[in-house]
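The values are calculated or read from the model by the stated rules, or taken from the named source; none is laboratory data. Values in this document were obtained by computation on a predicted structure and should not be read as measured data. Backbone-built Cβ (ideal geometry, glycine too); neighbour counts: all protein chains shown. Accessible surface is based on the protein model in full, side chains and every heavy atom, while ligands, DNA and RNA are left aside. Shrake-Rupley method; radii C 1.70, N 1.55, O 1.52, S 1.80 Å.
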Amino acid sequence: MANIIIFISLLLIGYFAGKYAESKHYSSIKERELKLLYLPVVTLKKTWTEEDQIKKSKLVTGSVVISLDYFKRILAALINITGGRIISYETLLDRGRREAILRMKKDSLGYDCIVNFRMETSSIGQSANNKKSIGSVEVMAYGTAVKFVK
Amino acid sequence: MKYIAKEIEENVNISKNNALMVFFRIIITIILILITIYISFGIIINIGVKYIPVTWEINITKSFVNKIDSIFPEKALEIEKRIDTLTNNNRKYFVKILKSDEINAFALPGNNIVIYDALLNNITDEELDFVLAHEVGHFQNRDISKKYARLFIFSILSSFISKDQGQSIFFDILNNTEMKFSQTDEINADKYAFELIYKKYKNLDSAESFFNKILKDKKLSKFDYYFSSHPHPEKRIDKIKEYKRLLNN
């Protein structure tokens, strides 16, 4: 009986705390995306012509580690049994990707664009060796920030 | 190439499903499937156990039970003879007496009855007859075989659920459900015991005095008994009164 009560308590705490953290993070992401919308990020190797002159360039990176709450972890485990889209991982990875890009953009303030953009994801923490589930995810975004001579 | 900054209006990477609704939908589906499996296996076991000969059970459990050393072998033989008298030599039962402060007796597969010496020291011979008749009742109803068959099947089922997915919760819920089934088995074993005791003594005084002793000794509330494998002693005394009414009619 104690196990059931502990499980339900963790579920409720995970659901409400996770929902609050997620909505707060998304608000912050949207706000910062609007501010940094002017800075293009492309996967192309170059966006300039022969006439453009590059003043400076540098490697820029942004990385973030995000974890699932208990409720989403249990939901993912249940979907693993029945099959289908694991919706709890969708928001995790979406937030991770967008936050990593924002941090990379922040690293390149004063530059004109970021080229050769790449992104990598990896599991970390206790779930790193467990192929059946993910708990914490690290997303790393990197590219080359370029400033042109105007 | 001109760069035009465009705000993301709709996030195409996130499903529109509400996580809570998905969670409840899956939980309900899994619970319904588990209930269906539980009921189906319960029915199969209840029907199938009748076709397993008792001699098979005795042979399978012989090697395990022979390792249990009885502390009073002569007393155990005497109790076996008491059972033969009670049951009219219907079937052979084997008794083991073990040393323990706990006042208890229980049945093991293969017609084996284990009695703790504390029980023997605290009840009369007539009350002992009731306890023995009650255990024989379990064997007659094949309760022990069903219980162990269910345990075996459900331990296999639980191996499909990992610790992360709530194996301990599955066991908790299963255990509480099985306890309720067990209480029904206990009532039925009591009914069988009433018949045997009445045949020998023409009354059920030994059963009543035995339950009154438990009532005085344990002092547990009806709530404590809800999750127990045995019904509350008061409920069992009520069943004695019910049986007496039936006899009078």
Here are A:79, A:86, A:66, A:8: which of them is more than 9 Å from chain B (Cβ to nearest Cβ), surrounded by 17 or more Cβ atoms within 10 Å (Cβ to Cβ), without any contact (Cβ under 8 Å) to a residue 12 or more places away in the chain and farther than 26 Å from residue A:112 by Cα?
A:86
Selection within the range A:33-63 - more than 15 Å from residue A:97 (Cα to Cα), open to solvent by less than 90 Å² (accessible area, probe 1.4 Å), of a type outside the set (A, V, I, L, M) and out of contact with any strand residue (DSSP E or B) (no Cβ under 9 Å at 6 or more places or on another chain):
A:49
Only one of B:191, B:200, B:180 is at pLDDT 80 or above, over 17 Å from residue B:106 (Cβ atoms) and within 18 Å of the chain's Cα centre (by Cα); which?
B:191
Does residue B:28 count as more than 10 Å from chain A (Cβ to nearest Cβ) and open to solvent by 70 Å² or more (accessible area, probe 1.4 Å)?
yes
Note down all Cβ pairs under 6 Å where the first residue falls in the range B:9-37 and is aromatic (Phe, Trp, Tyr), the second is surrounded by 12 or more Cβ atoms within 10 Å (Cβ to Cβ), and they're at least six residues apart or on different chains.
B:23/A:75
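Restricting the search to the range A:104-114, which residues are closer than 11 Å to residue A:59 by Cβ and assigned to a strand (DSSP E or B)?
Across the range A:104-114, the qualifying residue is only A:114.
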Residue check for residue B:147: touching an Asp or Glu at 6+ places or on another chain (Cβ under 9 Å), in a loop (DSSP other than H, G, I, E, B), at pLDDT 80 or above and open to solvent by 70 Å² or more (accessible area, probe 1.4 Å):
no
Tell me, please, whether a residue that is surrounded by 15 or more Cβ atoms within 10 Å (Cβ to Cβ) and within 30 Å of residue B:157 (Cα to Cα) can be found in the range B:33-40.
yes
If we keep just the residues of the range B:69-80 that are part of a loop (DSSP other than H, G, I, E, B) and open to solvent by 40 Å² or more (accessible area, probe 1.4 Å), which is modelled with the lowest pLDDT?
B:69
Among the residues that make up the range A:14-23, is at least one of them open to solvent by less than 40 Å² (accessible area, probe 1.4 Å) and of a type in the set (D, E, K, R)?
yes
Can you tell me which of (1) touching a residue at least 40 places away in the same chain (Cβ under 8 Å); (2) farther than 19 Å from residue B:139 by Cβ; (3) more than 14 Å from every other protein chain (Cβ to nearest Cβ) is the one residue B:78 doesn't meet?
(1)
Name, by its number, the condition in (1) closer than 24 Å to residue B:23 by Cα; (2) modelled with pLDDT of 85 or more that does not hold for residue A:98.
(1)
Take residue A:105 and decide whether it is open to solvent by less than 60 Å² (accessible area, probe 1.4 Å), more than 30 Å from residue B:22 (Cβ to Cβ) and of a type outside the set (Asp, Glu).
yes
If you check every pair at least six apart or on different chains, which have Cβ atoms under 6 Å apart with a residue in the range A:111-138 that is modelled with pLDDT of 90 or more first and a residue that is open to solvent by less than 40 Å² (accessible area, probe 1.4 Å) and not in a strand (DSSP E or B) second?
A:113/A:40; A:114/A:108; A:115/A:42
Give B:6, B:96, B:92, B:50 a once-over and let me know the one that is under 27 Å from residue B:151 (Cβ atoms), of a type outside the set (A, V, I, L, M, F, W, C) and either in a helix (DSSP H, G or I) or without any contact (Cβ under 8 Å) to a residue 12 or more places away in the chain (or both).
B:50
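Taking the options B:247, B:215, name whichever one is more than 18 Å from residue B:186 (Cα to Cα), at pLDDT 60 or above and not in a loop (DSSP other than H, G, I, E, B).
B:247
Identify, from the list B:103, B:58, B:83, the residue that is surrounded by 13 or more Cβ atoms within 10 Å (Cβ to Cβ), in a helix (DSSP H, G or I) and at pLDDT below 85. Outline the logic, then answer.
Working: B:103 fails: in a helix (DSSP H, G or I); B:83 fails: at pLDDT below 85.
Unique residue meeting the criteria: B:58.
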Contact list please: Cβ distance under 8 Å, first residue in the range A:28-56 and within 14 Å of chain B (Cβ to nearest Cβ) and in a helix (DSSP H, G or I), second residue open to solvent by 40 Å² or more (accessible area, probe 1.4 Å) and of a type in the set (A, V, I, L, M), pairs at least six apart or on different chains.
A:33/B:8
